[in-house]
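**Student:** Questions regarding the structure given below will be posed in turn.
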Amino acid sequence: MKIVYANDKIKKQCTNLKEATKLFGGNKDLASRLFSRIQYISCAEVINDIRVNKSFRFHNLKGNYQGCFAVDVKSIKEKWRIILVPLDEHENEFNPCHIDKIAKNVKVVEIREISAHYE
């Protein structure tokens, strides 16, 4: 699967151990887990491969994050999530985004942010 990053800061957090560790307040375990999740996402063929993996806890978001989805960086016990958006082959968002209809075809995702968005 192709990963597009929302900006250079997000890309650095997802690809640079020092930046990831800094994001997680020095927690190298979380930084390592983030890298593992990003690797899994990049190896997936379609977004459905991520969606069906229970350990990711793929779920849709609401409010300002309508059309976005989240997966846990480590587990439900941690506050950190990877916020992602499914994109079409031209790297445009689906509007509206009906994940049940598109999950087996989406081959591009945007990592919008890595955050503790539940706080």
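Just so you know, all these numbers are worked out from the coordinates, no wet-lab data involved. Predicted model only: the values in this text are computed from it and were never measured. All Cβ positions, even for glycine, are placed from backbone atoms using ideal geometry, and neighbour counts span all protein chains on display.
**Student:** Val4's amide H: which non-local residues (gap 5+, or another chain) put their own amide H closer than 5 Å, with H modeled 1.01 Å from N in plane and none for Pro or chain starts?
**Tutor:** Val109, Glu110, Ile111
**Student:** Distance check, please: which entries in Lys62/Lys101; Lys22/Lys54; Lys22/Lys74; Lys2/Lys79; Lys2/Lys104 exceed 20 angstrom between their Cα atoms? If you can, show how the numbers build up before the last one.
**Tutor:** Working: Lys62/Lys101 18 Å; Lys22/Lys54 28 Å; Lys22/Lys74 16 Å; Lys2/Lys79 26 Å; Lys2/Lys104 14 Å.
In this structure, Lys22/Lys54; Lys2/Lys79 lie more than 20 Å apart at Cα.
**Student:** For segment 1-66, what is the Kirkwood hydrodynamic radius in Å, using each pair of distinct C-alpha atoms?
**Tutor:** Values: mean 1/r = 0.0765 Å⁻¹.
Value: 13.1 Å, from the Cα pair sum.
**Student:** Further question on the same structure: Kindly provide the helix-only [θ] at 222 nm of the chain, computed as the sum of -39,500 (n - 2.57) over DSSP H runs of four or more divided by all residues, to the nearest 500 deg cm²/dmol?
**Tutor:** Details: 5 runs with 40 residues, N = 119.
About -9000 deg cm²/dmol.
**Student:** Cα axis of helix 28-43 to longest principal axis of the chain: angle in degrees, 0 to 90, nearest 10?
**Tutor:** That helix lies at roughly 20 degrees to the long axis.
**Student:** Using only the alpha-carbon atoms, what does the chain span along each of its principal axes? Please give whole angstrom values in decreasing order.
**Tutor:** Reported extents, whole Å, longest axis first: 39, 25, 25.
**Student:** First select every other residue whose beta carbon is under 13 angstrom from the beta carbon of Ile102; then total the charges, Lys and Arg +1, Asp and Glu -1.
**Tutor:** Working: positive: Arg51, Lys101, Lys104, Lys107; negative: Asp88, Glu89, Glu93, Asp100.
Residues near Ile102 contribute 0 overall.
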